[in-house]
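Data block below; observations after.
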Amino acid sequence: MSNLVRSVGTIGALTAVSRVFGFMRDMLLSRVLGAGLAADAWQLAFTLPNTFRRLFAEGAFSVAFVPMYSRKLHAEDGGEAAADAFAGDVLSVFVWVLLGFSALCMIAMPGIVWLLAREYQDVPGKFELSIWLSRMTFPYLGLVSLVAMLSGVLNARSRFAPGAFAPVFLNIVMIGGIVAGWYLRGDDGSDAVVAWALAISLCLAGIVQLGYMSWAARRAGVRLKVTRPRFSPEVKRLGILILPATFGAGIYQISQLVDTFFATSLPQGSLTLLKLADRLNQMPLGIFGIALGTAILPMLARHIQSGDAAEAQRLQGNAVEVGTLLTLPAAAALAICAPAFVTAFFVGGKMTMADGAIMADIVVALVCGLPAYVLVKVFQPAFFSREDTRTPVWIAAAALSINIALNFWVVPRYGIVGLAAATAFTATLNVCLLYIMLQRRGWFRMTARLASRIARQVLATAVMGAFLWWLMPRMAEWYAGNVIERVASLAALTLGGLAIFFGAAFVLGALDKDLIGQLRRRRPGRPVDLAE
């Protein structure tokens, strides 16, 4: 468990830094743009490259590329030279695919925006602004996809820190874009100026991220060259794996596009409120889920390659235990304290209290699926590390079909909150189906020890939830107060909740003493390694 805990700890800590800057970005954005025309247009423009990034670059490509690169790197007849030669061949093909795909999407952007947000045509100027902002932001997809590839190369070499830290640059540059747009707009200027500044800053951020990752790769001894595209057998094999993995690894991202389609049919501001609410949901998901998925994939691939099924089972069991330990209390705390967090973080400036109340309800619905979002990151690598990308495809297809059908029923009746609830439900269904298939194939099973540990975590979460339910109304006046009052109230909720949960978990035996020892123990003078 030590390797996994150290891996998750390092990736999670660096991702947390990025999430903090991301929160600063969205706090500024909510106050400057609110939930109006320009805000919706920007959210749509930002969603398109961001969704394709997670779907292809960080999803399908990573889960297919990292195991293949890792096997070459650690094979007896391979090594760094063979692995980097394979990566170079992939890069030489990948660059041209990205350029062609980006160019095609930019040309077809009016049609893409019409498919996702045809109702924007009913608001003067909104549809046109969405098209031009989307064209401006789409080159970011190519830049960040190359960043994801370099991150995968470094992850396979047990160097997870650069890839986890790169998003910090994105948020810093975009904060600069918001400030620049606000300054150029002036007191009575158009909100579209801020949206344009954000679109430009996104592309600049991609350039900065790529420069940083290229430097980190060279520092790690990685030497990749772009040559004439060559479809070697390994590159063809990668392409075959990527196609189904695009769907299997990207159910959450595809659901985001589906949610965007339905959200744009609702009253103006609905898409913005959904995306900002998802930022609260993404905080624990990004820190814990991405950290677990990133750490477990190359480690699991090595165990499976060596034929060590027992070690693979142990690794996945540890990942499930760590994942539920972190996400169960996070989901409960966010659901109970959603009004406090939304008011303190986002309400102010052009973001009204009425908007904040709707956003809080969206948060409650979204976080009901938070444990499932994270466990998907744990279960899917068990298939991908065995180069089985078909099974997650069929499971994802079933879950997505049910999600779409639910949306047609709940959105007209319950609006944006029903949309978020349907997403949480189908995410839970997805992870349940993945577990059933893993158990049937003998690749992973829930042991009595693991089930007992999770049950105790649930009890500890209930104790914490009761405390937060009692504390919430007693600090209601502080959530919308001055900066000091907002910080103090959130600190009381967060620190109090943490103390109660871990105290209850300790008493109930929900904490593994070996796990706590690994979290606390550090060897002097030695940097944390993600996979020894």
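Laboratory data are not the source of any read-out in this text; all were calculated from the coordinates shown. These numbers were taken from a predicted model, which means no experiment stands behind them. Positions of Cβ are generated from backbone atoms using ideal geometry, with glycine treated the same way; all protein chains shown enter the neighbour counts.
Structural remarks
- Interchain or long-range residues, amide H under 5 Å from residue 351's placed H: 34
- Within straight-line cross-link reach of residue 350, lysines at Cα separation under 30 Å, skipping those fewer than 8 residues along the same chain: 126, 275
- Restricted to Cα atoms, the range 400-489 shows a radius of gyration and a Dmax of 19.8, 56 angstrom.
- Percent RCO, i.e. relative contact order, over the range 36-248, from Cα pairs under 8 Å lying at least 6 residues apart: 35
- Ascending count of other beta-carbon atoms within 10 Å, so fewest first, for 426, 447: 447, 426
- Enclosed volume per residue, in Å³, of the convex hull spanned by Cα atoms of the range 36-248: 120
- Bridging of residue 225 to lysines at a Cα separation below 29 Å is possible for 72, 236, once same-chain residues fewer than 8 apart are set aside.
- Each of 178, 404 was scored by other Cβ atoms within 10 Å of its Cβ. Arranged with the fewest first, they read 404, 178.
- Look at 234, 321 and count the other Cβ atoms within 10 Å of each Cβ; fewest to most, that gives 234, 321.
- Per-residue HN-Hα couplings for the range 486-502 [Karplus 6.51, -1.76, 1.60; θ = phi - 60°; Hz; x = Gly/Pro]: 5, 5, 5, 5, 5, 5, 5, 5, 5, 5, x, x, 4, 4, 5, 5, 5
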